[in-house]
Structures are given as structure tokens and as C-alpha cells.
1. With respect to Ile247, determine if the residue is of a type outside the set (D, E, K, R), in contact with a strand residue (DSSP E or B) (Cβ under 6 Å, 6 or more places away or on another chain) and either more than 17 Å from Gln47 (Cβ to Cβ) or open to solvent by less than 90 Å² (accessible area, probe 1.4 Å) (or both).
2. Need pairs with beta-carbon distance below 8 Å; first residue within 16 Å of Asn129 (Cβ to Cβ) and within the range 103-116, second of a type in the set (Val, Ile, Thr) and surrounded by fewer than 24 Cβ atoms within 10 Å (Cβ to Cβ); sequence gap 6+ or separate chains.
3. Does Gly269 fit the bill of being open to solvent by less than 80 Å² (accessible area, probe 1.4 Å), on the phi > 0 side of the Ramachandran plot and assigned to a loop (DSSP other than H, G, I, E, B)?
4. For a quick check of your reading: which helices (runs of 4 or more DSSP H) sit entirely within the range 130-243 and have at least 1 residues that are in contact with a Lys or Arg (Cβ under 8 Å, 6 or more places away or on another chain), of a type in the set (Lys, Arg) and open to solvent by less than 30 Å² (accessible area, probe 1.4 Å)?
5. Take the residues in the range 11-43 that are surrounded by fewer than 19 Cβ atoms within 10 Å (Cβ to Cβ) and among the charged types (D, E, K, R), then tell me which one is farthest from Asp322 (Cα to Cα).
6. Take the range 302-329 and flag every residue that is surrounded by 15 or more Cβ atoms within 10 Å (Cβ to Cβ) and closer than 18 Å to Leu179 by Cα.
7. Please tell me if Leu147 is out of contact with any strand residue (DSSP E or B) (no Cβ under 8 Å at 6 or more places or on another chain), among the aliphatic types (A, V, I, L, M) and closer than 19 Å to Met33 by Cβ.
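The values are calculated or read from the model by the stated rules, or taken from the named source; none is laboratory data. All values derive from a computational prediction rather than experimental measurement. Cβ atoms come from the backbone with ideal geometry, glycine included; neighbour counts cover every protein chain shown. These accessible areas exclude ligands, DNA and RNA; they are computed on the full protein's heavy atoms, side chains included. Shrake-Rupley method; radii C 1.70, N 1.55, O 1.52, S 1.80 Å.
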Amino acid sequence: MKAAVVHGKGDIRVEEYRTPSASKGEIVVRTRMCGICATDLKTLLGQGLPKDLPTILGHEVVGEIAEIGQGVAGFGIGDRVAVYPIAVCGNCYFCKRDRNSLCEHEFGLAHGIEGGFAEFVRLPKEIVNIGGVVKLPDDLPFDKAVLAEPLSCVYASVKACNVEPESTVLILGAGPMGLMHVKVAKWAGARVISLDLLDDRLETAKRMGADFCLNPTSVNHIDEVKKITDGKGADTLIASLGIPQVIEEHLKLTRNGGTFNIFGGPPAGQMISVDPRWLHYCEINLTGTFASSPKQFRECVDLIGSGAIEVEDLISDRFELDRFLDAVEKAKSQTMIRGVVVFG
């Protein structure tokens, strides 16, 4: 099969690679689309590069079942499916509490096993057994279903923050995941403030439902947030970026009793300072989320399929596998909302 294969930092090659097969309890999917995530880009640039190379990245996979291993029931060759990418045990302390992203034995696509930037991808029994292979309705196209995985991570974030109708949510960053936060927070009934340094991103956030869009280079956004919230701050503040300095600078825009969620992945080893007196007396919930559970993934497939959350406008660029390096450069330039690799 053909795949985009990572050989090292900044070294990715589109080349022939061994085609996987399904062992007992496994499924092989013929990839039809695979989304390009910021995590993939960070990995290619050397942050968290897998130890075992060469390998294949990509974890936002939709496609058709090509092979079914012995003992797998309920699926047929050609079934159209979306894939939850984390292989979890289902039995540890966290899995029993539906905190699957913290599974004590987890691994997954592009994280221990080969991912979806390839014509075929093998799904281990742990993904199959947890209900991570989700059949798609006939009327749900791949270019919508491919967004179920990133949307589910945002959905988990909003759920963890207990976002309520008529509450105010401030989202730091209007990149792809920040825009998804706008959509999910609006679906939850919240009033949304989007904050970014790029006006074109803020214009997109406005089109996608943000009630207020603030650029710190052109307005005093601290004062503006206080005006919007009657001096109280946001009920929920979500950092959809991983810049520690920005996170620290905006902590106190969280209202008393509110929640500050670090969603974007910060680089290793960089610290932030938190006033413990503020945290204590204002009863702030300081938390973080980064992934979803299989249940939340399935719920997002349903939300997309029903049209409850519109995702079609999130995909800005499509690339064939042979143009994968173009996709990487476009992602690095921050000029696309969401890119996907499309397989014939």
C-alpha cells in the first residue's frame, strides 16, 4: 500500500509500505479520509516523535471495512465506518468511570501503532471491543464524518466544563479546535467570546456563531471581556492553544466559581504561575482535557449525522496522499481551517 511514512524529525516520505492484515479480533479499514491534526504537525516537527520508526501518523480516520478478523461479529466487508483512535482496556480504574483517555493501558493510532495516513489501517481488538468502530448512516458523507474525532475532543471539553445555556464561554484561539469550541459551546446554548491575533480567523469564528470576536492587537481585550460580562469574567474559559504565557495571562478572566480548561497541548517543561489565594477564595476549577471517550465519539457521530452541529464549513483544504508534504506546509502556515487527506 501507499502511505505517508515518518522516518524522523521533519522527514516524511510518501512511499510503498507493508499492507496490514486483520488478526483475531481485529478489523482492517480501507481509508477514505484522514484528518490532519495539530498533534500530527507537532510530531513531525519533533515534539513527541515515536520511538519506533519508521511509522505512520494520522488518527482521524473514516473508511470502509476491508478485512474482518476471526471472532469479530456485527460488521461486513464494505461497511462505512468512523474510527475512535484510542485502544483502551475497558477494565482499569479510569475506563470503569468512562475516563477512557486516562486508561492505564492505552495506545492507539499514531500512538503505539500505525495510523491513518495510509491506504489501509489496522484496528486492534481493543478499539473493536470498546465500540470504537462506528457504522455510518448511508446519508452521512465521509467529509462530515471525518470530523467526528476532533469534534468529540471538543465535546468532551465542553462537557467537562459543565457549560450551561446562557453562560459565557471565552475561547482563547480561533484555530481549527477553537472554531469547533465555538460551534459546540453555541450548541450547548452559551454566549461565546472568541479571542485571536488574526482577523481572518476571527471573521471565521463570527460566521460560525461567536457572539463577540476580540483581537488583542487592536482592542484592550481584558477590558472588553469585563464589559461583556459586567465585570464578572467568563463562566468558562477554554485555552484552545498551548502557549503557557497566554494561559497564565488570562487565568483571572475566569469568574468566581468558574472553570478554566487547558485544552491545547503545551510544550513539555514550561510552567505557569497560579495565585493559590485566588484559586482558593474564588473557588476556581482549573482543569484540562485532551481527548474523548468512545461514548462521546459515538454521540458526536450522531450530532453530525442529525445536523445538530454543522461541520461542513470546517474543512477548507483537501489533499491527495501524493501531496501530503503540501498539506504539512499549508498546516504550518496557519492558512487553512482543517485539512484532510483524501484517498481514491
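1. Working: of a type outside the set (D, E, K, R): yes; in contact with a strand residue (DSSP E or B) (Cβ under 6 Å, 6 or more places away or on another chain): yes; either more than 17 Å from Gln47 (Cβ to Cβ) or open to solvent by less than 90 Å² (accessible area, probe 1.4 Å) (or both): yes.
Here the answer is yes, as Ile247 does meet what is asked.
2. These pairs meet every condition: Phe107/Ile113.
3. Working: open to solvent by less than 80 Å² (accessible area, probe 1.4 Å): yes; on the phi > 0 side of the Ramachandran plot: yes; assigned to a loop (DSSP other than H, G, I, E, B): yes.
It is true that Gly269 is open to solvent by less than 80 Å² (accessible area, probe 1.4 Å), on the phi > 0 side of the Ramachandran plot and assigned to a loop (DSSP other than H, G, I, E, B).
4. Working: elements: 142-145, 148-160, 176-187, 199-207, 221-228.
By residue number, no helices (runs of 4 or more DSSP H) qualify.
5. Taking the candidates together, the pick is Lys24.
6. The answer is Leu303, Ile304, Ile309, Val311, Leu314, Ile315, Asp317.
7. Working: out of contact with any strand residue (DSSP E or B) (no Cβ under 8 Å at 6 or more places or on another chain): no; among the aliphatic types (A, V, I, L, M): yes; closer than 19 Å to Met33 by Cβ: yes.
When the stated conditions are applied, Leu147 does not pass them.
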